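The values are calculated or read from the model by the stated rules, or taken from the named source; none is laboratory data. As the structure is a prediction and not an experimental result, all values here were calculated from the model. Methodologically, a virtual Cβ is constructed for each residue, glycine included, from the backbone with ideal geometry; neighbour enumeration extends over all protein chains shown. The area values use the complete protein model at the heavy-atom level, side chains included, leaving out ligands, DNA and RNA. Shrake-Rupley method; radii C 1.70, N 1.55, O 1.52, S 1.80 Å.
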Amino acid sequence: MTPTISKAIFVALAIGWYLIRYKYARRSRREKIVWSARGPVETALLLISLTGLGLVPLLYVATAIPRFAAYSFHPLFAWLGLFFAIAALGMFHLTHRALGRNWSISLDVREKHELVTEGIYRRVRHPMYSAFWLWAIAQALLLPNWIAGFAGLTGFGILYFGRVAREERMMLETFGDSYRAYMARTGRVFPPVL
Ligand code: SAH
């Protein structure tokens, strides 16, 4: 394991994620939206997250900027990073497949929106956010740079904490008691401890 391979794994993670979501993003354009939380807050949160998980680390991979924040590379961290990256891609695959036409980049309720509560959604309400946390951890382990490595945890953390309660309120308003019951038997990003 070398620093170059470690950076390549991060790039592969970003490309893998893009390829997984591409089909759903295209398909979702055809699905009519009946209610949406889109607006300046959502746009700002999405841009912050994109910057932290994508723009900052990819700039670092391409140019080593910001150089002052570099620290020495440890192969063990990179191996762990590979493990988290594979786990993240596996979770992205399962969550996109399970959400299907109900997927959105933002918070939208689609016409004939179906509440998904099975498969990867059985014990966890936000497994796609779990996958982004795994990405952010992989990024911190793969990129030996204090800023580029930790930008993902910061950027996605802002999106996550700025969004998840509003998303659950939206789901409660749309699905009422079914979502309430679903909340009672699931955890947000981890399965509930028995
Ligand atoms: N928070 C989820 C989904 C992220 S995608 C996760 O982390 O896995 C965001 C879109 O998914 C929102 O527009 C919301 O309407 C939809 N959504 C969230 N949870 C859902 C569920 N259990 N079933 C169907 N759609 C869901």
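Summary table below
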{"item": "Filter result (within 18 Å of Val109 (Cα to Cα), within 20 Å of the chain's Cα centre (by Cα) and open to solvent by 40 Å² or more (accessible area, probe 1.4 Å)) within the range 142-182", "result": "Ala165, Arg166, Arg169"}
{"item": "Test: Leu99 is surrounded by fewer than 15 Cβ atoms within 10 Å (Cβ to Cβ), among the hydrophobic types (A, V, I, L, M, F, W, C) and out of contact with any helix residue (DSSP H, G or I) (no Cβ under 7 Å at 6 or more places or on another chain)", "result": "no"}
